[in-house]
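Reviewing the structure listed below.
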Amino acid sequence: MTTGRLPTGLIAVTSLLLLLLALGAALSHSFIQPGNLLNVLEQATDLAIVGLGQTVVVLTGGIDLSVGSLISLLAVLTSGLIDSDASMVLPVVAGVIVLGALLGAINGLTVVWLRVHPLIVTLGSGAVLQGITLLYAKGPVGGVPDGFDFLAYGRVLGLPVAGVAVLLVFVIAALLLRLTPFGRYVYAVGDDPVAASLMGLPRRRVLVVAYAVSGACSALAAIYLVARFGSGQPYTGANYTLASITPVVVGGTVLAGGRGGVMGTLLGAYLVAVLNNLLNFLDVSSQMQLVVQGLIIILAVSVVIDKRRVVA
Amino acid sequence: MSAAAIRTPVQRLLQGGTPIYLFLVVLIVVAGVAAPAFLSAGNVSNMLQQLAPLGIVVIGQTFVILLGGLDLSVASVMATAAVAATSFSGRDRDVPAIIGVTLAIGVLVGLANGLLVAKRRVSPFLATLAVMVVLQGLRFTWTHGAPSGNVPGLLRALGSQTWHGLPYALMLMLVLGAGAAVLLHRATFGRRVYLVGGGPVMARLVGIDTDRITIAVYVISAVMAAIAGLVLSGYVGIVDNFVGRGFELDSIVAAVIGGVALSGGRGTIGGALAGAAVLIAIFNAVLLFGLPVQAQIIIKGVVIVAAAAFYVKRH
């Protein structure tokens, strides 16, 4: 667990982010304009939110590979059930968030009950959820009333609503993880599950809640994506399963669990957004953007050797 | 280290691997009775055809999982091999060059994965994920998003033709599987893989060069994926940037169903290949029973969790 000193991961991602911003400012004048930077803040929303839930799960020593399918399912349900009817917006949005948390909790319960590796559990549940999604919708389904896109593109006093909301959510999550007993349990369970159980910490409850949080975050991301694209599609979330891991590890959270934090993930999401934005400015093809993104992951996770990891 | 490594093959078959073979037999009998078309010569040949590329990937994936790792880059390697297969003139005389290029790609990718995991101590999940992304980007750049060209006839024959109903691709899988089984269960190298997978610290204490074993295992996996990519491109005939999509997860699913433990050190090549056969049989039966194709994914999800839970309880 990291208290007191600033963890190396956080320092690494901050320096990398500052380096990119400086590079961007040097290469392109329009890149560093406030308008563009606010856009970047907005563009990081989906990755940051999914990454938040993923971080909590990874801190417990687990992983959630069902987020992509869950986002797809909840996205088609959001636009399918609202079906352009303004009066349905509030009940459906609330229902989707609750459903996301419930489906996440089922992941956690399965991990706890069957004692199967979280990777297998969430891989399996992800497949089931994707199957259900495709039974419900084979293409874009339903729609949302005018004004729903405020959630994705809205500006108040010139500031992007989604970007600011994400910032607030992360600050609250960071405080909860640091200051509440439950937050400490998350770290303790991830650091050493056996010790945590011996100390009488509610290991099972911590795991169920962690996966529920991830499910709820997937729901928020699904709603945001529906607001951005106007409707949900059966593969809306497909890329997020693996993409959500990037900001987490780039932000210094260790896949083995117990070390890291959500603020690193937020910076990791900003890093990815800045990188993509900058590469767009430089007219780098979207294919080469992939290459750069992969190299950044390799750089971020291999510069600092994790001495606690024993081979393979 | 698991005791399975020092049992005789007969004991291993009776104790460790029996459930998956039994399950495969029961599955075939039940599906055959419920839908006679399942066991028709044409359908069996078709299933074996589909089993071959998956099985070849599973062989490599098994090595990696036995070491306690994972290889998420296999599908990307398969697609890259397939793209290489069509990047020449499409005539048979280019086949040796295609095989050479493909194997070289496999070795390079395996080295990248292995070095990251062994020397930089990156978690296998991340190392192979990042390599997958880089490889995908390079492939897209090379093909400008849309690969063109033809798969040479020789590769087409390898991927899609049969010898009296027995697909050539399956023969290749069986040869590779037998070779891998000998390497794993008969050679010193295999013993070391089990030792390192069962307990890396202990393995290092007894003087095993764990880094070399790790790198070798990732090279094996990537080379197998490259071969599978050629076979699959020969099967489908046309190549896009996503040949082999889903094979990274399906190969892990097959190995886990076949009793290979994700924690490392436990499992056999035979079990993993039987796991692959179970997966293919289930996919096929779902369609024969007239269930919607989506049921394939749902059943796959349930089966992998159930299988993993089964093995957890046993140990």
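The values are calculated or read from the model by the stated rules, or taken from the named source; none is laboratory data. Because the structure is a prediction, the values reported are computed rather than measured. Cβ coordinates were reconstructed from backbone atoms using ideal geometry, including for glycine residues, and neighbour counts include every protein chain displayed. Side chains are part of the model used for accessible areas, which takes the heavy atoms of the whole protein and leaves out ligands, DNA and RNA. Shrake-Rupley method; radii C 1.70, N 1.55, O 1.52, S 1.80 Å.
Which one, B:I257, B:I56, B:I105, has the greatest fluctuation when you compute a Gaussian network model over chain B with C-alpha springs under 10 angstrom?
B:I105
Check which residues have an amide H placed less than 5 Å from A:V141's amide H, if you skip close sequence neighbours.
A:G232
I want to check the label-to-label distance for B:A34 and A:M199. Put each point 7 Å from Cα in the C-beta direction and report it in nm to one decimal.
4.9
Sorting B:D240, A:D146 by accessible area (1.4 Å probe), largest first, what list results?
Putting B:D240, A:D146 in descending order of accessible area: A:D146, B:D240.
Measure out, as a whole number of angstrom, how far apart the alpha-carbon centroids of the range B:176-193 and the range B:44-104 sit.
20
Using 1/(1 + (r/R0)^6) with R0 = 41 angstrom and r between the beta carbons of B:V107 and A:A26, what's the FRET efficiency to the nearest 0.05?
0.60
Using C-alpha positions alone, give me the convex hull volume of the range A:167-280 per residue in cubic angstrom. Don't skip to the end; give the middle numbers.
Values: hull volume 13.3 nm³, N = 114.
So the per-residue Cα hull volume is 117 Å³.
Before I look further, what does the protein assembly as shown give for accessible area per residue, probe 1.4 Å, in whole square angstrom?
Averaged over the residues of the protein assembly as shown, the accessible area is 41 Å².
Build a GNM of chain B with springs between Cα atoms under 10 Å: which of B:Q61, B:Q294, B:Q49 gets the top mean-square fluctuation?
B:Q294
Within chain A, what's the longest run with no trypsin sites (Lys or Arg not before Pro) in a DSSP loop and at most 13 other beta-carbon atoms within 10 Å? Give the range, please.
Maximal segment without exposed cleavage sites: A:139-306.
With label points built 7 Å along Cα→Cβ from the Cα atoms of B:W142 and A:V284, find their separation and express it in nm.
Reported label-point gap for B:W142 and A:V284 is 2.0 nm.
I'd like the carbon and sulfur percentage of the solvent accessible area for the range B:3-314, probe radius 1.4 Å, heavy atoms only, ligands and nucleic acids excluded.
Of all accessible area on the range B:3-314, carbon and sulfur atoms account for 70 percent.
Hey, can you grab everything whose amide H is under 5 Å from the amide H of A:R155? Only 5+ residues off in sequence or another chain; H modelled, so Pro and N-termini drop out.
Amide H to amide H, under 5 Å and 5 or more residues apart or across chains, A:R155 pairs with A:V161.
Between A:V171 and A:D149, what FRET efficiency comes out of the Förster formula 1/(1 + (r/R0)^6) with R0 = 35 Å and r the beta carbon distance, rounded to 0.05?
Using R0 = 35 Å, I get an efficiency of 0.85.
Highest GNM mean-square fluctuation, chain B, Cα pairs closer than 10 Å: which of B:P147, B:P292, B:P19?
The residue that fluctuates most here is B:P292.
Considering protein heavy atoms only and a 1.4 Å probe radius, which residues within the range A:78-119 exhibit an accessible-area decrease of no less than 50 Å² in the full assembly relative to the chain by itself?
A:L114, A:R115, A:L119
Enter the buried accessible area of the B/A pair, total of both sides, probe 1.4 Å, in Å² rounded to the nearest 100.
Numbers: alone 14300 and 14960 Å², together 25470 Å².
Buried area (both sides, nearest 100 Å²): 3800 Å².
Residue by residue through the range B:209-217, which ³J(HN,Hα) values in whole Hz follow from phi under the Karplus form 6.51 cos²θ - 1.76 cosθ + 1.60 (θ = phi - 60°), with glycine and proline marked x?
Along the range B:209-217, the couplings run 7, 4, 4, 5, 4, 4, 4, 4, 5 Hz.
Expressed as a whole number of Å, what is the distance separating the alpha-carbon centroids of the range A:112-134 and the range B:133-167?
31
Mind jotting down the three principal axis lengths of the protein assembly as shown based on Cα atoms? Whole angstrom, largest first.
Projected onto the principal axes, the Cα atoms of the protein assembly as shown cover 74, 54, 51 Å.
How large is ³J(HN,Hα), in whole Hz, for each residue of the range B:278-284 in order, when computed from phi with the Karplus curve 6.51 cos²θ - 1.76 cosθ + 1.60 and θ = phi - 60°, using x for Gly and Pro?
Listing the rounded values in order: 4, 4, 4, 4, 5, 3, 5 Hz.
For the range A:46-262, restrict the atom set to alpha-carbon positions and state the Rg and Dmax in Å.
Just the Cα atoms of the range A:46-262 yield Rg and Dmax of 17.1, 54 Å.
Inside 10 Å of the C-beta atoms of A:129-137, what's the mean count of C-beta atoms belonging to other chains? Numbers along the way, then the final one.
Details: counts 3, 5, 11, 4, 2, 6, 6, 1, 0.
That works out to 4 on average.
Which percent of the accessible heavy-atom area of chain A goes to carbon and sulfur, probe 1.4 angstrom? Before the final figure, lay out the partial values.
Details: 8980 of 13070 Å².
Roughly 69 percent, rounded to a whole number.
How far is it, in nm, from the label point at B:L166 to the one at B:R120 when both lie 7 Å from their Cα along the line to the Cβ?
It works out to 4.5 nm between the two label points.
Express in whole angstrom the spacing between the alpha-carbon centres of the range A:208-277 and the range B:215-288.
Result: 28 Å between the Cα centres.
When the Kirkwood radius is taken over all Cα pairs of the range B:3-314, what Stokes-Einstein diffusion coefficient follows at 25 °C and 0.890 mPa s, in µm²/s?
125
For A:F182 and B:A306, what does the FRET efficiency come to when R0 = 35 Å and r is the distance between their Cβ atoms, rounded to the nearest 0.05?
Given R0 = 35 Å and the Cβ-Cβ separation, E is 0.65.
Considering only protein heavy atoms, with the full assembly of protein chains and a 1.4 angstrom probe, order A:M263, A:M199 by accessible area, largest first.
A:M199, A:M263
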